[in-house]
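The values are calculated or read from the model by the stated rules, or taken from the named source; none is laboratory data. Bear in mind that the values here come from a model prediction, so they are computed numbers and not experimental data. Every residue, glycine as well, gets a Cβ built from its backbone with ideal geometry; the counts of neighbours run over all protein chains shown. Ligands, DNA and RNA are stripped out before the accessible areas are found, and what is left, the full protein with its side chains, is counted by its heavy atoms. Shrake-Rupley method; radii C 1.70, N 1.55, O 1.52, S 1.80 Å.
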Amino acid sequence: MQDRIPILHMSNFLLVTIQVDMHDRLALQLQDDLTSKISATGARGVLIDISSLEMVDSFIGRVLGNISSMSRVLDAKTVVVGMQPAVAITLVELGLSLPGILTALNVAKGMELLSRD
Amino acid sequence: MSTIRLPEILQKAKAQILEEWVKQQMSGAGARADLIKDGELRKQSEEFLNNFQRSAQSGETENIQLPAWAPTLELIADLTRQRERMGFSPSETALFIFSLKEPLLAQVRAELKKDPEAAIEESMGISALLDKLGLYTTEIYQASREEVIRRQQEELLELSTPVVKMWDGIVALPLIGTLDSARTSVVMESLLQRIVETGSEIAIIDITGVPTVDTLVAQHLLKTVAAARLMGADCIISGIRPQIAQTMVHLAIDLSAVTTKATMAEALKTALARTGHRVVKDVVLKA
């Protein structure tokens, strides 16, 4: 049995809280699960909370970018919330500034951003 | 080059050498009667001569790195640091050692009058030895200067990165001085940390106090902006002076992804508008 990251379905949105260290297989699994869930539920927005994530590498950064692009294709907005300063610095130093992605400081602000339109 | 006679000469004519050396120092090129008292100078000279004699007695005068020279080098280091603080120039400090040559070599000449060959040999040895000691003062002088510069740089780094809260949800970072990689990373970290602490959505980076913006500085700024965006905060860069705007365009620095404002006031106005605030002037109703 492979462990998965739970995806919560809340009205029109999907909620993902990453609370474990992301390894590559887990990230790809999440990408799979999210895309199928978006098409199954017709969700209009995805909120990914990474406030407990303390380490990222270029692969995870790229997967986050991919999830955002994929959900846009499926007509859902993605907001990444609560990124730690150290993680942000690492991503920028890796050259991954994730230009297509929406970000917010915390879950409340992220939900506000998603429900704005 | 041998200096076999040096300890013997020092032993025999130390008082005379000291006398002439002190006289030389007070009248020569390195004389700074305004900075050091005669008594102090004499005391230092005598102390140096004592250590010098003790070290020379070891017979190892080719290499001043040997343990026999350690006390002498230590004394030189102390004197140099002291003189640097008093305001002596590096050459004036080195002259303290170099001015010993003349009285010492005069003694050698007098001592070895009958054997000119040996006198030349001895003189060359002593001269080389004093050259090494003189250069050592310069080394110490420079090292202590570099220490001062390093300490000041560290202090500057800590002093110059205050992140101030302007309003609920708005922080500002007034940058002053040149931005290098080390400083930028400190600035970036403290800004991002404050954004988390205050939950601010907007950060204003004011570069009025940054004298020059080259491609490297611009790259650092853009990195900071990108990192703040990843956390969910928008950045506004303000205080770009006309000359700097011209330079940036000439260098083809692309700031189109960032909001830029000419002044901090403009930036604050924009930030307030974005967070849903409005500044209204009180109208005084005339009776």
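Assorted remarks:
- Legend: residues in region B:216-231 shielded by at least 50 square angstrom of accessible surface upon adding the remaining protein chains to the isolated chain (1.4 Å probe, heavy atoms) are B:Lys223, B:Arg229, B:Leu230, B:Met231.
- Fraction of accessible area attributable to carbon and sulfur, region B:124-196 (%, probe 1.4 Å): 58
- Projecting the Cα atoms of B:Ala110, B:Ala257, B:Pro162 onto the dipole axis of chain B, where Lys and Arg carry +1 and Asp and Glu carry -1 at the beta carbon, places B:Ala257 farthest toward the positive end.
- Rounded Å value of the spacing that divides the Cα centres of region B:47-65 and region A:52-66: 65
- When the listed pairs A:Lys77/B:Lys165; A:Lys77/B:Lys261; A:Lys37/A:Lys77; B:Lys14/B:Lys113; B:Lys23/B:Lys114; B:Lys14/B:Lys43 are checked against a 22 Å cut-off, the alpha-carbon distance exceeds it for A:Lys77/B:Lys165; A:Lys77/B:Lys261; B:Lys23/B:Lys114.
- Whole-percent carbon and sulfur share, accessible surface of chain A, 1.4 Å: 53
- Evaluating 6.51 cos²θ - 1.76 cosθ + 1.60 at θ = phi - 60° for every residue in region B:49-61, the Karplus couplings come out as 4, 4, 5, 4, 5, 4, 5, 5, 5, 5, x, 9, 10 Hz, glycine and proline recorded as x.
- Between the alpha-carbon centres of region A:83-107 and region A:1-47 there is a gap of 19 Å.
- Rolling a 1.4 Å probe over the heavy atoms of the protein chains gives region A:7-114 an accessible area of 46 Å² per residue.
- Whole-Hz Karplus values for region B:224-237 come out as 4, 4, 5, 5, 5, 5, 4, 7, x, 10, 8, 10, 10, 9 Hz, taken residue by residue from phi with 6.51 cos²θ - 1.76 cosθ + 1.60 and θ = phi - 60°; glycine and proline positions read x.
- For B:Asp206, the residues 5 or more places off, or on other chains, whose built amide H falls under 5 Å of its own are B:Leu173, B:Leu175, B:Ser238.
- Cα centroids of region B:224-255 and region B:181-222: 10 Å apart.
- For region B:122-137, the Karplus equation 6.51 cos²θ - 1.76 cosθ + 1.60, evaluated at θ = phi - 60°, returns couplings of 5, 4, 5, x, 5, 4, 5, 5, 5, 4, 4, 5, x, 5, 4, 4 Hz by residue, with Gly and Pro reported as x.
- Between chain A and chain B, roughly 1400 Å² of accessible surface gets buried, counting both sides and using a 1.4 Å probe.
- At R0 = 45 Å, FRET efficiency that the Cβ-Cβ distance of A:Thr41 and B:Gln193 yields, to 0.05: 0.75
- Using the 1.4 Å probe convention, the accessible area of chain B works out to 55 Å² per residue with neighbouring protein chains retained.
- Qualifying trypsin sites (Lys or Arg not before Pro) for region B:198-287 [loop in DSSP, other Cβ within 10 Å: at most 12]: B:Arg278, B:Lys281, B:Lys286
- With K and R counted +1 and D and E -1, the other residues having a Cβ less than 11 Å from that of A:Val79 yield a net charge of +1.
- In region A:81-98, burial by the other protein chains removes 20 Å² or more of 1.4 Å probe accessible surface, compared with the chain on its own, from A:Met83, A:Pro85, A:Ala88, A:Ile89, A:Val92, A:Glu93, A:Ser97.
- Label-point separation in nm, A:Val73 to A:Glu112, each point 7 Å along Cα→Cβ: 3.3
- In region B:103-162, the trypsin sites (Lys or Arg not before Pro) that fall in loop regions by DSSP, at most 11 other Cβ within 10 Å: B:Lys113, B:Lys114
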